[in-house]
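Bear in mind these aren't lab numbers, they're just calculated from the coordinates by the rules spelled out. These numbers come from a predicted model, not from an experiment. Neighbour counts are summed over all protein chains in view; Cβ atoms, including those assigned to glycine, are modelled from backbone coordinates with ideal geometry.
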Amino acid sequence: MSSFFSLPALLGGLLIGLSAAIYFLFLGRVMGVSGILGNLLSRYGLTSWRLLFVVGVIISPWIYSLIAPLPVPEITNNKILLIVAGLLVGVGAALSSGCTSGHSICGISRLSPTSVVVTMIFMVAGGIAVFFVKHLLGL
């Protein structure tokens with residue numbers, strides 16, 4: 001069995017953890033992306049910190065690509081599949097009271113039992129989905 005080590009993955013994980021800690025310290029909020037996106041245009045007007053967060057998430061890969069080459073992901077051209085997938089992610093985030101970043105990164109670090117259970121459900125459901133899509137649908 002060969003071992004695997006990826007410095008970019010390690011640095012990325014450290015930066016995500018650091019950003020979640022800074023986010024919590026300065027805003028007193030959990031860094032859950034579904035909540036940030038869902039409230040981007042709140043009834044009280046555009047909240048600048050939410051916009052800055054979303055812009056940062058969008059431009060970070062571009063900035064990183066200036067330093068190191070990034071692999072080009074394969075994304076399906078099937079618009080219906082993309083729309084259904086996006087809707088399922090939104091429904092899942094709503095049903096579980098948060099998204100993977102909110103539960104897995106921030107919730108577990110706060111020792112939330114709910115986040116531990118929800119993260120385990122995310123992982124099992126993700127494994128089942130990959131098996132279904134790759135082996136049964138052949139996509």
Subject >> Separation in nanometres of the label points that stand 7 Å from Cα toward Cβ, at residue 58 and residue 41 >> reply: 1.3
Subject >> Sorted peptide list for 56-62, 114-120, 17-23, criterion being average Cβ within 10 angstrom, highest first >> reply: 114-120, 17-23, 56-62
Original post:
Of (i) 2, 9, 12, 14, 18, 15, 12, 8, 5, 3, 1, 0, 0; (ii) 2, 10, 18, 23, 22, 14, 6, 3, 1, 0; (iii) 2, 8, 12, 17, 20, 20, 14, 6, 1, 0, 0, 0, which one was derived for P(r) over Cα pairs in 5 Å bins from 0, in percent from the structure shown?
Top reply: (iii)
**OP:** Kindly state, to the nearest 0.05, the FRET efficiency for residue 11 paired with residue 125, given R0 = 30 Å and r defined as their beta-carbon distance.
**Re:** 0.60
**OP:** Translational diffusion coefficient, Stokes-Einstein: compute it for the stretch 37-112 using the Kirkwood radius over C-alpha pairs as Rh, at 4 °C and 1.567 mPa s, and state it as an integer in µm² s⁻¹.
**Re:** 84
Subject >> trypsin sites (Lys or Arg not before Pro) restricted to DSSP loop in the stretch 2-79 with at most 10 other C-beta within 10 Å >> reply: 43
Subject >> Local electrostatic count at residue 36 - Lys and Arg +1, Asp and Glu -1, tallied over other residues with Cβ under 11 Å >> reply: +2
**OP:** Let me see the pair-distance distribution of the stretch 75-138: every alpha carbon pair, 10 Å bin width, integer percents in order.
**Re:** 21, 43, 28, 8
Subject >> the chain, relative contact order [Cα under 8 Å, separation at least 6], % >> reply: 25
**OP:** Evaluate E = 1/(1 + (r/R0)^6) for residue 22 and residue 82, where r is the Cβ-Cβ distance and R0 equals 41 Å; express this FRET efficiency to the nearest 0.05.
**Re:** 0.80
